[in-house]
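Single-structure report; data block below.
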Amino acid sequence: MTGQSHVDGKTLLKKKAVERIVSSTNAELVARRRFCPPKCRVFTHPYTGLEKEGGYRFHIHEEAKKRLSKIIDNSVQRIRGVRDPEAKFREKYGRRRNIGIVFSGGPAPGGHNVIAGIFDAAKAANPDSRIFGFLLGPDGVIENEAMELTADVVDAHRNLGGFTMIKTGRTKIDTQEKVTLSRKTCKDLSLDALVIVGGDDSNTNAAFLAQEMMEDGVQVIGVPKTIDGDIQVRDANGKVLCAMSFGFHTAARAFAAEVGNLCTDSASDVKYWHVCKVMGRVASHLALEVALQTHANMTLIGEDLADYLDEERLVKSDSVDYNAYGITLRHLSRVICDGIVRRAAVGKNYGVLVIPEGLLEFINEIQVFIIKFNTIIADYNRTHDKDFHNAFPLLEDKLEYLRGLARRSREEGTFSVWNSRDDDLFDAIPEFFQEGLLIERDSHGNFQFSQVETEKVIMGLVKDYLKILKERGEYKIGIGRRYYRKTLKAAGLDPDRFGPVLFRNWEDGSFLLMKKEIFSQKTLRRVLEKEKVLSKKEEIPKAVQKIFDKSVPKFKTQLHFYGYDGRGADPTRFDCIYTYNLGLTVFSLIANGATGQMAAIKNLEQPFSRWEPIGIPIAPLMHMEERGGKLSLVIEKSLVDLNSPAFTVVKALREKWLAAEEGPDDFRRPAPIRFSGKTEEDRPLTLALNAISS
Ligand code: FBP
């Protein structure tokens, strides 16, 4: 106690010094708000125009041709600077406009700067132009809930994370009724353009709205947003148009800072395996980036596991064994255990394992369940015209419904999407996991991976198998040879007498591994007596006992989930600059009459002076995909390319990062996101690596 006399809270809060200390404004916030991201060179011109960029080719889907006929012929547009245009151009470019902006889907750092870029460019072109922000995502468009964005509001959010300015939501404008209401909103606000900042599904929505709103004279422009990094656009020849959605860099850096800290902690305290699930609904881009940023001991990449080949199984079978292709949960737990056991053998019974959130999508049996449930739920909703989850609120109700389906398929002998075998397999998995797999789909019909405790499922299996390996004497902690000798000598025992009796690699190992048959007190005594280094009457020497105890592993884990925290982080400089320029690009597309285009920046991996703002036609990017049990026209998600330099490098460094050998781990310290300092050249490592071959 300080012995100070008590002062009441109200009096304390009136003191200037206290006010300063507890203020919600700090130096970092001030610096962020003041920062003016540099503009790409084209935007230093008073005007910008569009120029068709030839040399790109797309495989256009027939369905897209039919359903997006008004925008299917759009092409890639390069933004060019215009210094002294004709009066007609000037007038058109600078006319008064009303522009509406909506965030759609999960937050991604940098969204506020997209708005700031649009706001600055629109006001510079015509100070009377008005910018509206739709509240709470697409619902704001449907229900005409909008606020006019003023300079004060925009300035307060510059370079700050989150979507706090206007919030976001996941509603999809996917029915004629919602489209009609959205058109009415645009009319009521006299909008010239609607900007949809979202992921693959939201940009898909943008294309359909562009088609619908063409006759209303409302332009619709998309902006590629998602921390998942799965909007990457290439043309049919593989030429990169958009290498990375915004927000990815910040989220990956935020996750990496946390995972990096855990690497340091685990290598200090040497008693835990930290299991870090990182976001990314399906694609493992974030996990791959975290691996490169931290060099964690093991990082699973979903796309890689889907490609898994069980060589041993293939060699053993006479004919083709289809079970050898792809990976099952059981098999995955074996792969993880292998790494854990190998590290333990060199005295490292600790480490960091990174698991991508969407991993289950790539596991054979789980993928089958997910697809089956998507179909069953969608079928139920369609035929009964009510929601499956409302109809069956409890897990037991859902299971009963499934049992009914299996029964019917058995009794009627007809093909059914759910049969007795599915029922038996599903019965065998833990309840919390059953609940997770049957969880409500999001508004786009997507499975909500973030709601499933993937890490718990996998680590449950890992623990079970480690127990078996321990009982078999295969999971042991290696004892340093020097330590062993020192301990026995200090107790007056001869290390060379006990060594060959205790250890299976006495002749050559620098880390000594207890013989497999020694796995308990009883078996230790049995072996010592059998080899005549201990008589029946003697106690096991304390030093020998100590060495044995140290060789017995305890597998202790700490589970972590990194997702929402990184999504809410303040953007890196890279994301600040990228998004501000995306905003400027959006305005340029609008001012030049474009619609059905997605704003993007080419050459992100190159020095800033070579960044090239472009418009990408959305309609040609569409393909057919299963959504909510039926095929839909959507933008294709970009998964981790197993032939990419980034993945190839991670694969080649796996052994090094596992560090199952004597010596320190190879951890890398990514450090927290810094805003100060000249770090705008800092960019995703996957982006930098993938640019190398090209
Ligand atoms: P977007 O695709 O909308 O950007 O969202 C990505 C994401 O952050 C995923 O990584 C995660 O699986 C999901 O959103 C979580 O969704 P929710 O916010 O609904 O829990």
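The values are calculated or read from the model by the stated rules, or taken from the named source; none is laboratory data. Just so we're clear, the structure is a prediction, and the values are computed from it rather than from any experiment. So basically every Cβ, Gly included, is an ideal-geometry build from the backbone, and we count neighbours across all protein chains shown. Ligands, DNA and RNA are excluded from the accessible area calculation, which covers all protein heavy atoms including side chains. Shrake-Rupley method; radii C 1.70, N 1.55, O 1.52, S 1.80 Å.
Just a few scattered comments:
- Of Tyr484, Ser551, Val501, farthest towards positive along the dipole that unit charges on Lys, Arg, Asp, Glu beta carbons give region 476-551: Ser551
- Compared with the dominant Cα axis of the chain, that is its longest principal axis, helix 645-658 is turned about 30°.
- FRET efficiency, Gln545 to Lys516 (Cβ-Cβ, R0 22 Å, nearest 0.05): 0.70
- Added length on full extension, which subtracts the Cα-Cα distance from 0.36 nm per residue, Leu29 to Lys463: 151.8 nm
- Per residue, the accessible area of region 385-499 comes to 53 Å² when a 1.4 Å probe rolls over the protein heavy atoms.
- Computed from Cα positions, the angle between helix 111-125 and the longest principal axis of the chain comes to roughly 20 degrees.
- Heavy-atom accessible surface of the chain: percent carbon and sulfur, 1.4 Å: 50 percent
- Protection proxy ranking for 334-346, 646-658, 224-236, 5-17, using the average of other Cβ atoms within 10 Å per residue and placing the highest first: 224-236, 334-346, 646-658, 5-17.
- Difference of contour (0.36 nm per residue) and Cα-Cα distance, Val315 to Leu181: 42.1 nm
- Judged by the gyration tensor of its Cα atoms, with axes a ≥ b ≥ c, the chain is prolate; a/c meets the 1.5 cut and a/b is the larger of a/b and b/c.
- Rounded to 10°, Cα long-axis angle of helix 481-490 versus longest principal axis of the chain: 40 degrees
- With a Förster radius of 60 Å applied to the beta-carbon distance between Asp379 and His45, the computed FRET efficiency rounds to 0.60.
- Computed label-point distance, nm, for sites Glu91 and Ser268 using a 7 Å Cα→Cβ extension: 6.9 nm
- Computed from label points 7 Å out along Cα-Cβ, the spacing between Lys70 and Thr557 is 5.2 nm.
- 32 Å Cα-Cα threshold exceeded, pairs from Lys184/Lys630; Lys316/Lys532; Lys271/Lys486: Lys316/Lys532
- Distance violations [Cα-Cα > 22 Å] among Lys65/Lys372; Lys467/Lys537; Lys463/Lys516; Lys456/Lys546: Lys65/Lys372; Lys467/Lys537; Lys456/Lys546
- Taking packing as the residue-averaged number of other Cβ atoms within 10 angstrom, the listed peptides 26-39, 593-606, 549-562 run from highest to lowest as 593-606, 549-562, 26-39.
- The modelled label-to-label distance between Glu474 and Asn603, using points 7 Å beyond Cα along the C-beta direction, is 5.4 nm.
- Farthest towards the positive end of the charge dipole of the chain, among the residues Leu286, Ser588, Leu209, is the Cα of Leu286, using unit charges on the Cβ of Lys, Arg, Asp and Glu.
- Cβ crowding within 10 Å averaged over residues, with 163-172, 194-203, 64-73 ranked highest first: 194-203, 163-172, 64-73
- Once the chain from Val417 to Glu655 is taken as fully extended at 0.36 nm per residue, the excess over their C-alpha distance is 81.5 nm.
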